[in-house]
Amino acid sequence: MIEEVIQKRYGEKAIEEAELEAWENPYPDRDYLIEITFPEFTCLCPRSGYPDFAVIKISYIPEKYIVELRSLKLWLNKFRNRYISHEAATNEIFDALWNLLKPRRLKVVGDFHPRGNVHTVVTVERENQ
């Protein structure tokens, strides 16, 4: 029997090692809105194991830091093999960004594609007082 050695591709390694990275805000004295859309978010249903697909929408007003986009993209891809509910995924994304950036305002929307004729949208929002 011939055994095939399966090596991880460079993208798989990058996703596996991904950590969110903060950069300094180039305009900390100004309120401005950053909107990010991640249209190919995937995770796995914790009950059935079926894939869940969503559009993740992030909008925030930065304080001292902004999120580095490549690190965000790779980090969000880490969810693709995880068994996690829509609510837990959206809240985990929110918490990670809130703790990393400490923004003036943050909103994360998980708009999950319908499955079984059910469409779920989870919104988490907070303003720093």
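The values are calculated or read from the model by the stated rules, or taken from the named source; none is laboratory data. Please read these numbers as outputs of a predicted model, since none were measured by experiment. Reconstructed Cβ throughout: ideal geometry from the backbone, glycine too, with neighbour counts over all protein chains shown. Side chains are part of the model used for accessible areas, which takes the heavy atoms of the whole protein and leaves out ligands, DNA and RNA. Shrake-Rupley method; radii C 1.70, N 1.55, O 1.52, S 1.80 Å.
Highest GNM mean-square fluctuation among R70, R30, R82, for the chain modelled with Cα contacts below 10 Å: R30.
Once R0 is set to 25 Å, what does the formula 1/(1 + (r/R0)^6) return for the Cβ-Cβ distance between E40 and T120, expressed as a FRET efficiency to the nearest 0.05?
On the way: r = 17 Å, r/R0 = 0.69.
It comes to 0.90.
Between Y32 and E12, the modelled label-to-label distance comes to 4.0 nm, taking each label 7 Å out from Cα in the direction of the beta carbon. Each Cα pair under 8 Å and six or more residues apart adds its separation to the average, and for the chain the resulting relative contact order is 27 percent.
Given a 1.4 angstrom probe, what's the average accessible area per residue across the chain, in square angstrom? The partial results should precede the final answer.
Working: 8790 Å² over 129 residues.
Value returned for the chain: 68 Å² of accessible area per residue.
Structure remark: mean-square fluctuation, Gaussian network model of the chain, C-alpha springs under 10 Å; the largest value among R104, R80, R115 belongs to R115. Under a Gaussian network description of the chain, with springs only between Cα atoms under 10 Å, the residue in G49, G110, G11 that fluctuates furthest is G11.
Here's the picture: charge each Lys and Arg Cβ at +1 and each Asp and Glu Cβ at -1 in the chain, and of N128, A54, G11 the one pushed furthest to the positive end of that dipole is A54.
Normalising the Debye intensity of the chain to I(0), with uniform scatterers on Cα atoms only, and taking log10 at q = 0.11, 0.12, 0.13 Å⁻¹ returns -0.44, -0.51, -0.58. First check a/c for the range 78-129, with a ≥ b ≥ c the square roots of the eigenvalues of its C-alpha gyration tensor; if it is under 1.5, answer rounded, and if not, answer prolate when a/b is larger than b/c or oblate otherwise. The shape class here is oblate.
Give the carbon-plus-sulfur fraction of the accessible surface of the range 63-129 in %, rounded to a whole number; probe 1.4 Å, heavy atoms of protein chains only.
Values: 1770 of 3870 Å².
Answer for the range 63-129 is 46 percent, counting heavy atoms of protein chains only.
Under the convention that each Lys and Arg Cβ holds +1 and each Asp and Glu Cβ holds -1, the size of the dipole of the chain around its Cα centre is about 200 debye.
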